[in-house]
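The values are calculated or read from the model by the stated rules, or taken from the named source; none is laboratory data. Bear in mind the structure is a predicted one, so any value in this text is a computation, not a measurement. Ideal geometry is used to build each Cβ from the backbone, glycine not excepted, and the neighbour counts take in all protein chains shown.
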Amino acid sequence: MTRDTQARPLTSLTKKTLACLALGVLLLACAAQNSPTSRRVFPQSRGHIDLAPDLTVKEIGNGAFVVTHSFPWPGNSLLIEMANSDLVIVGSTYTPEAMSSLLDWADAHFGQRRIIAINTGYHVDNLGGNAALVKRGVPIYGSKETADLLQRRGERTRKTVLDLIGDKTSPMYQAHAHMVLLPPTRLFALPEGLHLKFGNEEVVVLWPGPSQAPDKVVVYFPERRLLFGGCMILGGDKIGNVADADMSQWPDAVRAMVRFPADVVVPGHGERLDPQLVQHTLDLLQQ
């Protein structure tokens, strides 16, 4: 898909905002250089917006937002404003209702924009919001393998989630039990990956091999040096759900990410956003 259009002209408010951001980056850089340890300063979240009690949006800079849906466990997705003003959603909320809330917020925050979505795997935290995207007419890119696995293993993974929730009377249990899970609508071959172009910005979707599940992909934004590792990258101190994991090949998939120079790495779960998460994941897997 190619849509090469010029980016919108900067408004005076945007210019002031960029100037403030530039000054902030300069001050951070000076602080890092003067620090006795000379540790690099990485971007941090600048506050968050609560769209619902279990749904937050955090701006991490340059039109990039981490969306966290805690239903039942905090899971991350991304919303990015691209150079040509299109919006890209990477990963998903757990439910269509949460995705609908995110789309409503995007309309209010950005105005009417063209939106595309990228499913990063067949688990519910990678495509649970698809029904809302389909209703909205948003094209959803995902691998043929993701669509196939959802058809063959979708109910099995649903049972895994329900077993982990446990309480059959809880609203979360009932929501996951009755949720309609839809596959991506625009399929690509997993080994070939996907390249999308938005004005002068590129998005790279890559499958580095089996990891936390057979079909997990990573999404890279080269101009932003931003990598969405999803559930392949571990943001906490435990590995978590390994029901579909290939523990022998997962480390090799993570090592393949070193080809992507990144200042920000977004895990599927967890608040850390630093590049050291790649090595952190390898350390946990080697334990």
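For the structure I just gave you, tell me whether Gly240 is at pLDDT 95 or above and assigned to a loop (DSSP other than H, G, I, E, B). Criteria not met by Gly240.
Taking the conditions (1) assigned to a loop (DSSP other than H, G, I, E, B); (2) at pLDDT below 95; (3) not small (Gly, Ala, Ser) in turn, Ile233 satisfies each one other than (2). Please find, within region 94-116, the residue that is surrounded by the most Cβ atoms within 10 Å (Cβ to Cβ) out of those that are more than 15 Å from Asp50 (Cα to Cα) and touching a Phe, Trp or Tyr at 6+ places or on another chain (Cβ under 8 Å). Here the residue is Tyr94. Among the residues examined, Lys144 does not qualify as closer than 23 Å to Leu226 by Cα and touching a strand residue (DSSP E or B) at 6+ places or on another chain (Cβ under 6 Å). Taking region 128-138 as the range and being at negative phi and either modelled with pLDDT under 95 or among the small types (Gly, Ala, Ser) (or both) as the test, the residues that pass are Gly128, Gly129, Ala131, Ala132.
Restricting attention to region 227-283, which residues are aliphatic (A, V, I, L, M), surrounded by fewer than 17 Cβ atoms within 10 Å (Cβ to Cβ) and touching a residue at least 60 places away in the same chain (Cβ under 8 Å)? Listed by number, the list holds a single entry, Ala243. Is it true that Thr146 is of a type in the set (Ser, Thr, Tyr) and surrounded by fewer than 24 Cβ atoms within 10 Å (Cβ to Cβ)? No; evaluated as a whole, the condition is false for this residue. Here Asn84 clears all of (1) at pLDDT below 55; (2) of a type outside the set (Asp, Glu); (3) outside any helix (DSSP H, G or I) except the condition numbered (1). Do we find that Leu284 is of a type in the set (A, V, I, L, M, F, W, C), in contact with a Lys or Arg (Cβ under 8 Å, 6 or more places away or on another chain) and not in a loop (DSSP other than H, G, I, E, B) in this structure? Against the criterion (of a type in the set (A, V, I, L, M, F, W, C), in contact with a Lys or Arg (Cβ under 8 Å, 6 or more places away or on another chain) and not in a loop (DSSP other than H, G, I, E, B)), Leu284 qualifies. Being more than 30 Å from Asp274 (Cα to Cα) and within 18 Å of the chain's Cα centre (by Cα) is a property that Pro171 lacks. When region 167-221 is limited to residues that are of a type in the set (Val, Ile, Thr), crowded, with 22+ Cβ neighbours inside 10 Å and in contact with a His (Cβ under 8 Å, 6 or more places away or on another chain), the one that is farthest from Glu81 (Cα to Cα) turns out to be Val205.
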